[in-house]
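The values are calculated or read from the model by the stated rules, or taken from the named source; none is laboratory data. Please read these numbers as outputs of a predicted model, since none were measured by experiment. Positions of Cβ are backbone-derived with ideal geometry, glycine not excepted, and every protein chain shown enters the neighbour counts.
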Amino acid sequence: MTTATTAHDELHAGAAPPPHGWRRLLAPGWLRVPWMSALFFGIGLGITLLVRWAEGWHPIWDGQVITTIELVAVPFGFLAGIGGFDYWTRYAIGSPTQPEDHSGHGAYSWRDYFRINTDHKVIGVQYVVTTIFFFVAAGLLAMIMRAELARPGMQFVGNQVFNELFSVHAALMIFLFIIPAFAGLGNYVIPLMIGAPDMAFPRLNALSFWLLPVAGLLMLSSFFVPGFGCGWTGYAPLCSTHQELGAVFFNMGVQWAGASSIMTALNFLVTIITMRAPGMTFWRLPLLVWANFTTSLLVVIATPFIAGSQFMTMFDHIMHTNFFNYEAHGYVLGYQHIFWFYSHPAVYIMMLPGFGIASEVISTFARKPIFGYRLMALSLMAILVLGFSVWAHHMFVSGMAPWLRVPMMVTSVVIAVPTGIKVFSWLATLWEGKLNFSTPMLFALGFVSMFVIGGLSGIYLAAVPIDIHVSDTYFVVAHIHYVLFGGSLFTIFAGIYYWFPKMTGRMYDERLGKLHFWLTFIGFNATFFPMHYLGIQGMPRRVSDYAPRFADLNFFISIASFFLGASTLVFLYNMIVSWARGAPAPANPWRAHTLEWQVSSPPPVFNFDEIPQVVGGPYEYGVPGARHAVFNGDRVIEEEEVNV
Amino acid sequence: MRRGVLVRLVAVGLAAAAVASAVAFFVPWLPTPASKQADRIDFVFWFVTGISIAIFALVVAVILYSVVRFRARPDDDSDGAPIHGNTGLEIAWTAFPAVLVTAVAVVSAVALAQNENLPKKHLQVNVLAQQFAWSFSYPKYKGLTVSALHLPLNEAVELKMRSKDVIHSFWVPQFGQKQDLVPGITTKLVITPKRLGTYPVVCTELCGEGHALMRSEAIVMKPTAFASWVKAQERAAAKASQGPSGGGPGLAVFNSNGCSGCHTFKPAGSTATTGPDLDNLPADARRAGKPLSAFVRESIVDPNAYIEKGYQPNIMPSTFKSLPKQQLDALVQFLIGGKK
């Protein structure tokens, strides 16, 4: 795939020639990574030993402390080596900054995807491909778990390894797949949708992406340390003082992933607020842009809390602080309050962009305006605000102050109202439409129906007496998979299929796409629906072994989960083969109105050869003569539109 | 909306509701309730299920109807009707769910208050959890401590629960009630058993490597049977403390460290099966090829040194190596029971 244009080649005229010989070791890139990583390793080691020697702490060589420091130092070395900090370092030390020659922009060969690249479209592709890699890795971990759970008793792995499997499975799926996959899709389409040439901070954007592989590798390597077997929730004191060093790999992995998502969110906010094309008022934004706007607000407000919680457990673990150590009057439940103050909003971080994608897809394939556009946008804001007032519904049985439960139940069930508005509006958008059942639409409709089941089981969990019964059981496992798999993942699939022609310039195979949908839809329900029953009947979550009376159903679930896992192969095959050999995509295969479809597939390096003038809403299907935007050639001058 | 459309929509909705209701009623979803609290939980469960079926049927009806009725023909490139919204509808689907969820919240709050109401006359049981065992003691019966929860029928019980190490969670599915045990604080749970039987006690909060094995039993007995069980336990405890093995201090160490939570050992009257049966220690020592007393001592302070066939390493806590020497000696003496 190439995105070269002649306009861009002209910009290249002033670029410096590439370095030769040993100087290549100094240029940002993979040759600089090994020695810079080693250098930072040495610096980290030196500082640690020096401080321990100077303070008289024995032993001076403490593996735990050194490893923890290196989990910060080596990634910095990697990022410095690949060139994440070059521009700012030069600026900070007073060297003359290099004028931007756009040589780090756009992709002309596959190599351009493996370096620091400041083009939001390249970064979007980097994000999506990387997150799919971690999705497959985390999915394979789930397959091992289901193999172990197919029969009662222990067959393939030990208890501790099993605990590590589900911990890393969840950590990867949440921090390295769902959250960044939405960030990646947003990265690609948001600047296009609002008529901007790129994100507001392209270098920060590049850095945000390269933090992800670091976070993912930390979490995967926790298996070899060993010992991250305390669940992705990382509850203290199990995760702070009763775990091996692997838990620290999780703590630090969350920091890198969290920093990445905060920086991206900041970038989205500034881009959306300041870089909209003329005429693109907030009430003309596509709903995906609204969704990423609210999600980004959630990220920048909430993510620092999980960063804090993970630092505190890590300090308890390594530095023997007593934040959550009850023996020294630490506050054990404090961890859960801080953790869920992030992690409940995180559910919406993983859901709102999916709402946005569903709105785009359903409107386009129903050939109808989104029903109640303004209420759709406002309900996103309502979820944003309410999302911060419900965290303790994860703690109804935790032993927290009992009076807190009923208020938290009330706010939790009230969130059903804005969520219901969205579901009913999508349904009303279908009504009297002209429905086209391409793969993105199938996944969007699959999302709506599965998300309704996940939302309804959420009502059960919000009702305190029922929650007391099913808390920490397979009912919860079923619920979160209906929300995060049936919800988030279905919309991610919808988004990937929907924008695949735009991103790659090629069409995917529609028949394989539909096959993928049906296999996934059936496999998903067969795997997760019976888990409701297991949970209510008495099977707790996070166990490697269970009572013999649950054997038959678990066997069925395991078989279904292998079927579900195999359906992913269809997806991967379709994506890889279509990207290489698919039919060339037209600029606007779905006849959509939003701006990303008004430019070529893939778009020019700087997105728009001429700045679009937005003159109406994004979903004016069926309105005679209505347009979302016009380009210079056929601009309609409207006085009140120009000065926005 | 035309009348024909409405009739067809309602028909699809009723069919969906019928299917969902059949799944709800013909699958025995809930465990047979064995406590008064579980009855109230079940009521809330069915209340929410009724509402859920209605909403699910509505959504399914609209989706199925739309998929069939509004499908575009392959050659049809036209757009749908340009409907931007309908204020009345939007108000309706904001207000109606708000009323429904308010009803759910009210019903839940009432059931919760009733479930936590503790009558004056009740039995108190102290629950102690540690990796990976339960122990239950009865202050009313001179601190009688056992590894399986025994309860008299129809008498309210208050569990006062503490944890020694990490967070655990107490759950008996048939009782419906659940509560975490948090190190450093005492949590409470109210249960009124109403059905005789033996039910599983399950730890539902991930507590470490042996989490999946942290199980015990709750046994609901007739009040008379419970009274005679208490007497028998008290007699056995008295006998053990005066027995030939010099149980006294060793038995106390055995009980206070929760050994009875995982191990069967006749002199202590314990019957748990998470770990190996300690009545077979001499045979185990022969298999390990070590003198009995050295073997027992090693197995306490370094549990992974020898793992009996059929059991897994790392389940027994390694914290017992910090027992004071005096207590450790007494415990070893008690366990080998005078044998060499």
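Considered as a group, the residues in segment B:108-123 that are assigned to a helix (DSSP H, G or I) and within 8 Å of another protein chain (Cβ to nearest Cβ) include one that is surrounded by the most Cβ atoms within 10 Å (Cβ to Cβ), and that residue is B:108.
Which of the residues that make up segment A:454-468 are in contact (Cβ under 8 Å) with a residue 12 or more places away in the chain, at the interface with chain B (Cβ under 7 Å from one of its Cβ atoms) and either under 17 Å from residue A:400 (Cβ atoms) or in a helix (DSSP H, G or I) (or both)?
Hits for segment A:454-468 are A:459, A:460, A:464, A:468.
Scanning segment B:14-53 for residues that are surrounded by 17 or more Cβ atoms within 10 Å (Cβ to Cβ) and more than 12 Å from every other protein chain (Cβ to nearest Cβ), we see that the one that is nearest to the chain's Cα centre (by Cα) is B:36.
Step by step: first the residues of segment B:69-91, then only those that are in contact with a helix residue (DSSP H, G or I) (Cβ under 9 Å, 6 or more places away or on another chain) and assigned to a helix (DSSP H, G or I), then the one that is farthest from residue A:464 (Cα to Cα). Which residue is that? This residue is B:69. Taken together, the residues in segment A:520-555 that are part of a helix (DSSP H, G or I), without any contact (Cβ under 8 Å) to a residue 40 or more places away in the chain and either farther than 19 Å from residue A:486 by Cβ or not assigned by TED's automatic domain parsing to the domain that holds residue A:446 (or both) amount to 4.
Each row is one residue, and each column tells you yes or no for (1) more than 23 Å from residue A:163 (Cβ to Cβ); (2) in contact with a helix residue (DSSP H, G or I) (Cβ under 8 Å, 6 or more places away or on another chain).
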site: B:263; (1), (2): yes, yes
site: B:267; (1), (2): yes, yes
site: B:276; (1), (2): no, yes
site: B:280; (1), (2): yes, no
site: B:291; (1), (2): yes, yes
site: B:296; (1), (2): yes, yes
site: B:313; (1), (2): no, yes
site: B:335; (1), (2): yes, yes
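Checked across segment B:80-89, the condition of being away from chain A (no Cβ under 11 Å), among the small types (Gly, Ala, Ser), under 20 Å from the mean Cα position of the chain (by Cα) and over 30 Å from residue B:312 (Cβ atoms) holds for no residue. None of A:265, A:257, A:247 is more than 19 Å from the chain's Cα centre (by Cα), in the same structural domain as residue A:193 (by TED's automatic domain parsing) and among the hydrophobic types (A, V, I, L, M, F, W, C) except A:247. Residues that are of a type in the set (A, V, I, L, M) and either in contact with a Phe, Trp or Tyr (Cβ under 7 Å, 6 or more places away or on another chain) or more than 7 Å from every other protein chain (Cβ to nearest Cβ) (or both) were ranked within segment A:394-405; the one that is surrounded by the fewest Cβ atoms within 10 Å (Cβ to Cβ) is A:401.
Go through segment B:297-316 and report how many residues are within 27 Å of residue B:203 (Cβ to Cβ) and more than 29 Å from the chain's Cα centre (by Cα). Show your work before the answer.
In the first step, residues of segment B:297-316 are kept if they are within 27 Å of residue B:203 (Cβ to Cβ); the result is B:299-316.
Add one more test, that the residue is more than 29 Å from the chain's Cα centre (by Cα), and what stays is B:299, B:301-302, B:305-306.
Within segment B:297-316, residues that are within 27 Å of residue B:203 (Cβ to Cβ) and more than 29 Å from the chain's Cα centre (by Cα) number 5.
Residues satisfying the criterion are absent from segment B:202-213 (criterion: within 9 Å of chain A (Cβ to nearest Cβ), surrounded by fewer than 19 Cβ atoms within 10 Å (Cβ to Cβ) and under 23 Å from the mean Cα position of the chain (by Cα)). If you filter segment B:90-107 down to residues that are touching a Phe, Trp or Tyr at 6+ places or on another chain (Cβ under 8 Å) and under 15 Å from residue A:405 (Cα atoms), you find that the one that is nearest to the other protein chains (Cβ to nearest Cβ) is B:104. Collect the residues in segment B:124-143 that are part of a strand (DSSP E or B) and crowded, with 17+ Cβ neighbours inside 10 Å, keeping them in residue-number order. Selection gives B:125, B:126, B:127, B:128, B:129, B:130, B:133, B:134, B:135, B:136, B:137, B:138.
Scan segment A:423-436 residue by residue and report those that are surrounded by fewer than 22 Cβ atoms within 10 Å (Cβ to Cβ) and either under 22 Å from the mean Cα position of the chain (by Cα) or more than 7 Å from chain B (Cβ to nearest Cβ) (or both). The answer is none; no residue qualifies. Return a yes/no flag: does segment A:281-293 have any residue that is touching a helix residue (DSSP H, G or I) at 6+ places or on another chain (Cβ under 7 Å) and among the hydroxyl-bearing types (Ser, Thr, Tyr). Within segment A:281-293, none of the residues are touching a helix residue (DSSP H, G or I) at 6+ places or on another chain (Cβ under 7 Å) and among the hydroxyl-bearing types (Ser, Thr, Tyr). Scanning segment A:181-214 for residues that are among the charged types (D, E, K, R) and in a helix (DSSP H, G or I) turns up just one, A:203. If you scan segment A:371-393, which residues turn out to be in a loop (DSSP other than H, G, I, E, B) and facing chain B (nearest Cβ under 8 Å)? Within segment A:371-393, A:371, A:372 meet the criteria.
Being in the same structural domain as residue A:149 (by TED's automatic domain parsing), among the aromatic types (Phe, Trp, Tyr), touching a Leu at 6+ places or on another chain (Cβ under 6 Å) and part of a helix (DSSP H, G or I) narrows it down to one residue among A:447, A:517; which is it? Unique residue meeting the criteria: A:517. Within segment A:550-558, none of the residues are more than 14 Å from every other protein chain (Cβ to nearest Cβ) and under 27 Å from residue B:72 (Cβ atoms). For first residues located in segment B:263-279 and aliphatic (A, V, I, L, M), partners that are surrounded by fewer than 21 Cβ atoms within 10 Å (Cβ to Cβ) and in a loop (DSSP other than H, G, I, E, B) and lie 6+ apart or on another chain with Cβ distances below 9 Å form the pairs B:272/B:148.
Kindly state which helices (runs of 4 or more DSSP H) lie completely within segment A:66-180 and contain at least 1 residues that are among the hydroxyl-bearing types (Ser, Thr, Tyr) and touching a Phe, Trp or Tyr at 6+ places or on another chain (Cβ under 7 Å).
Details: elements: A:86-92, A:120-149, A:159-171.
Those helices (runs of 4 or more DSSP H) span A:120-149, A:159-171.
Restricting attention to segment B:178-201, which residues are in contact (Cβ under 8 Å) with a residue 24 or more places away in the chain, within 7 Å of another protein chain (Cβ to nearest Cβ) and surrounded by fewer than 24 Cβ atoms within 10 Å (Cβ to Cβ)?
Filtering segment B:178-201 for residues in contact (Cβ under 8 Å) with a residue 24 or more places away in the chain gives B:178, B:180-181, B:186-197, B:199-201.
Applying the additional criterion that residues be within 7 Å of another protein chain (Cβ to nearest Cβ) yields B:178, B:180, B:187, B:200.
Within segment B:178-201, B:187, B:200 qualify.
Taking into account only those residues within segment A:406-418 that are within 8 Å of chain B (Cβ to nearest Cβ) and surrounded by 23 or more Cβ atoms within 10 Å (Cβ to Cβ), which is nearest to residue B:96 (Cα to Cα)?
In the first step, residues of segment A:406-418 are kept if they are within 8 Å of chain B (Cβ to nearest Cβ); the result is A:406, A:409-410, A:413-414, A:416-417.
Now narrow it down to the ones that are surrounded by 23 or more Cβ atoms within 10 Å (Cβ to Cβ): A:409, A:413.
On the way: A:409: 18, A:413: 13 Å.
Only one residue tops the list, namely A:413.
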